[in-house]
Amino acid sequence: MLLEVRHLRVAFKVDGRLSVPVRDVSFSIPEQGRVALVGESGCGKSLTALAVGGLVDRAEISGEIAGSPRIAYVFQNPMQSLNPVMRVGAQIAEGIPRTELRRGQRPAARMVAGLLAGVGLPEAAAAKYPCELSGGQQQRVMIAMALAQRPDLLIADEPTTALDVTTQKEVLDLIAGIAGERGTAVLLITHNLGLVSRYSEYVNVMYAGEIVERGAVRDVLDSPRHPYTRGLIAAVPRLDAPKDAPLADIPGTVPPPTDWPKGCAFHPRCSEAHPECASDDFNMLCERMGATSIKCIANGVSVA
């Protein structure tokens, strides 16, 4: 296994109150695996990914992260991630390991040109500033920067935010193609289960700082067992839906991490909630029911 995350917890002190946006997250990423972390905004997906790479400051972090792969990130907003006053080529060159430059291999400029070509950009792009590129081109630059580090694991955190549908597909196809060629594992963070079905093999559904369902993508999407997963799937627009059909949604919003509900955090929004779902003993009751691939009293099982 390339990476094992076990019982990850990330906590902050906010105005004297304890905020725990990531409460108990466990998942694994196999060698060359394609894994997705799915959930609404505010569920703790991005913070989990940052904690895995040791990029979270001023937080109390506990749990276990087994494995030491080289990790590179592709963030969701390249215009905010790229340095606006540095040319693209210089930013990519910063990611090239110094050891490779010292080996007397190709000069940095040629290596940058090769990385740009690998993501479908001309060599001339190296001389441009980020503001001179389109959103899709900027995201390709981010991918080139990530690949410059020769990662074992590429974490793509909502990499298609603010891109049009056609460019979204191009970017995701590019990530999938390069990962396949290089044998790089991918952790895709998204709220869109439609993307998961195409680009991932395994999925972890996250809500309120916890994994509530996990499994092979085909199994989870064909037979979702947790009410939250079913809600996310129902919210994916369908091309065959009647034109006047209302868009499905999940009532309510994700609560703030300073005020997670007792018991199952999803129970205030869940149409299948039982009285036990709001109990302080919710986790213990789930454990008694056995550990499989979901965490839900209504379905009688819990996440391992």
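Read-outs throughout are calculated quantities, based only on the coordinates presented, and are distinct from any laboratory measurement. Owing to the predicted nature of the structure, the values given are computational and were not obtained by experimental measurement. Neighbour counts are summed over all protein chains in view; Cβ atoms, including those assigned to glycine, are modelled from backbone coordinates with ideal geometry.
Points to keep in mind about this one:
- Amide H within-cut-off set for LEU2, under 5 Å, with H built and near neighbours excluded: ILE29, GLU31
- Listed by chain and number, the lysines whose C-alpha is less than 16 Å from the C-alpha of LYS295, apart from same-chain residues fewer than 8 away, are LYS262.
- Dipole axis of the chain (+1 Lys, Arg; -1 Asp, Glu on Cβ), positive-most option in GLN138, PHE266, ILE65: GLN138
- GLN80 paired with ILE65, simple spin-label distance in nm, labels 7 Å along Cα-to-beta-carbon: 2.1
- In sequence order, calculated HN-Hα J values of the range 69-81 (Karplus, 6.51, -1.76, 1.60; Hz; x Gly/Pro): x, 6, 10, 10, 10, 10, 8, 7, 10, x, 5, 7, 8
- Two-site FRET efficiency, GLU181 against ALA90, from Cβ-Cβ distance with R₀ of 30 Å, rounded to 0.05: 0.70
- Spin-label model distance (nm) - LYS128 vs ALA162, 7 Å beyond Cα toward Cβ: 1.6
- More than 25 Å apart - percent of Cα-Cα pairs taken over the chain: 53
- Estimated FRET transfer efficiency when R0 is 30 angstrom, pair ASP15-LEU55 (beta carbons, to 0.05): 0.80
- Net charge of the neighbourhood of GLU210, taken over other residues with C-beta under 12 Å away and scored Lys/Arg +1, Asp/Glu -1, is +3.
- Normalised Debye scattering of the range 217-304 at q = 0.10, 0.19, 0.25 Å⁻¹ gives log10 I(q)/I(0) of -0.31, -0.94, -1.29, counting only Cα atoms as equal scatterers and leaving out solvent.
- All-pairs alpha carbon distance profile, the range 113-200, 5 Å steps from 0, percent: 3, 14, 27, 25, 19, 10, 3, 0
- Candidates PRO122, PRO242, PRO268, ranked by Gaussian network fluctuation over the chain, Cα under 10 Å, top entry: PRO242
- Calculated over the range 111-156: convex hull of Cα atoms, volume per residue (Å³): 72
- q = 0.15, 0.22, 0.25, 0.32 Å⁻¹: log10 I(q)/I(0) that the Debye formula gives for the range 14-60, counting C-alpha atoms only: -0.48, -0.94, -1.13, -1.37
- Other residues whose C-beta falls under 14 angstrom from the C-beta of PHE75 contribute a net charge of 0, scoring Lys and Arg +1 and Asp and Glu -1.
- Cα-Cα pairs of the range 47-144 separated by more than 19 Å (percent): 51
- Considering only THR229, THR190, THR253, the mean-square fluctuation computed in a Gaussian network model of the chain, springs between alpha carbons under 10 angstrom, is largest for THR253.
- Part-to-part distance (alpha-carbon centres) for the range 34-49 and the range 132-185, which is given in Å: 17
- Point-charge dipole on Cβ atoms (K/R +1, D/E -1) for the range 116-190, about Cα centre, debye to 20: 140
- Proximity of backbone amide H atoms, modeled 1.01 Å from N, is registered between TYR207 and VAL212 at under 5 Å, excluding neighbours fewer than 5 places apart on the same chain.
- Of every Cα-Cα pair in the range 18-89, the percent that sits beyond 20 Å: 42
- Each residue of the range 206-213 is assigned a 3J(HN,Hα), and the resulting list reads 10, 9, 6, x, 9, 7, 9, 7 Hz, derived from the Karplus form 6.51 cos²θ - 1.76 cosθ + 1.60 (θ = phi - 60°), x at Gly and Pro.
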